[in-house]
Amino acid sequence: MITLASDFGTPYPAAMKGVILSECDTRLVDVGHDFPRQDVRASAFWLSEVLPEFPPAVHLVVVDPGVGTDRNALVVRAGDHALVGPDNGVLLPAARRLASGGDGDYDTDIDAYELEIENPRSSTFHGRDVFAPGAAAVHEAGIDRLPELDGVSPADDVVDLTFPDPDVGDDGASGEVLVVDDFGNVVTNVPGEVLDGRKRVTVDDIEVPVVRSYAHAGIGEAVATVGSHDNVEFAVNQGRGDETFGLSAGDSVRIEW
């Protein structure tokens, strides 16, 4: 199986699929092609949440604002999985979770290899010309044989990406907004366990109830809850949390109780 994820929209992913299917017989699964455009950190977050749900696979990831520059192309082996994409950090959080069995331990060892780029047809579409054939080659060789694959060599240094740690105290927590999803739910880096046993919290200057799910509040009511990612998120039942709380990705946030 090869999964595909990008910020390409359409029709560019079809070209990557065509290249892969020309070089190997495999099942292709779209993770999504509407990741935030050129947003490496948001894409890395969502991939770290989604890819651990898959059985062993090769994951092709192309969120690549540095396409055509001297940034490297990577193949990362993480447990029974391999990830293929640009060396800009987008692969690393998901690779750590895959290699560590889901806990995302930053100290987990992963094996990274540079993928050789030989005269790609285009300097603006490495998804088609570099990463898609690279993913097909890894699939055909087998993940366990990755070190023997022609055109790869151990990467001495890679661009890393980690998410910031929150500051949790007795009376509250200071954190950061990691992403805002399409519903407007504001996902923070604060662990959901801080809401255990609490009925209300103050988010910056807005006091809100703590609920188990969105529909446990009235329509249009702002809430704090724990999302599927196990982090604190701020939302509005059938509305947009980002607009109500005035928050967007990268903003700092203070929760008090």
Before rounding to the nearest 500, sum -39500 (n - 2.57) across all DSSP H runs of length at least 4 in the chain and divide by the residue total; then give [θ] at 222 nm in deg cm²/dmol. -5000 deg cm²/dmol
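What fraction of the DSSP beta bridges in the chain is antiparallel, stated in percent and rounded to the nearest 5?
On the way: 38 of 51 bridges.
Of the beta bridges lying entirely in the chain, close to 75 percent run antiparallel.
Can you bin the stretch 122-216 into rounded, prolate or oblate? Criterion: square roots of the alpha carbon gyration tensor eigenvalues sorted a ≥ b ≥ c, rounded for a/c under 1.5, prolate for a/b above b/c, oblate for the rest.
Values: a/c = 3.11, a/b = 2.63, b/c = 1.18.
In terms of gyration-tensor shape, prolate.
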Pulled fully out, how much extra length does the chain show between residue 118 and residue 230, if you take 0.36 nm times their separation in residues and subtract their Cα-Cα distance? 36.1 nm
Would you please classify the overall shape of the stretch 1-150 from the alpha carbon gyration tensor, given that a ≥ b ≥ c denote the square roots of the eigenvalues, rounded means a/c under 1.5, and beyond that prolate means a/b larger than b/c while oblate covers the rest? rounded
In the stretch 6-84, what percentage of the DSSP-assigned beta bridges are antiparallel, given to the nearest 5? 50 percent
Quick calc, residue 34 & residue 200: beta-carbon distance into FRET formula, R0 41 Å, rounding 0.05, result 0.70
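Say R0 is 25 Å: what FRET efficiency, to the nearest 0.05, do residue 12 and residue 71 get from their beta-carbon distance?
0.85
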Would you mind telling me the share, in percent, of accessible area of the stretch 1-127 contributed by carbon and sulfur at probe 1.4 angstrom? 44 percent
Using the alpha-carbon centroid of each, what span in Å lies between the stretch 69-90 and the stretch 178-200? 29 Å
Please give the per residue accessible area of the chain, computed with a probe of 1.4 Å over protein heavy atoms only, in Å². 48 Å²
Please work out the C-alpha center-to-center distance from the stretch 1-41 to the stretch 140-166 and express it in whole Å. 19 Å
When the chain is treated as a Gaussian network with springs between alpha carbons less than 10 Å apart, the largest mean-square fluctuation among 34, 171, 80 is found at 171
Top of 224, 94, 141 by mean-square fluctuation, Gaussian network on the chain, Cα under 10 Å: 141
How would you rank 115-126, 232-243, highest first, on the average number of other Cβ atoms within 10 Å across their residues? 232-243, 115-126
Assuming R0 = 41 Å, can you tell me the calculated FRET efficiency for the pair residue 144 and residue 212, based on Cβ-Cβ distance, to the nearest 0.05? 0.45
The simple spin-label model distance between residue 252 and residue 156, using points 7 Å out along Cα→Cβ, in nm, is 3.8 nm
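The values are calculated or read from the model by the stated rules, or taken from the named source; none is laboratory data. Owing to the predicted nature of the structure, the values given are computational and were not obtained by experimental measurement. Neighbour counts run over all protein chains shown; Cβ positions are idealised from the backbone, glycine included. Please note that ligands, DNA and RNA were not included when accessible areas were found on the heavy atoms of the full protein model with its side chains. Shrake-Rupley method; radii C 1.70, N 1.55, O 1.52, S 1.80 Å.
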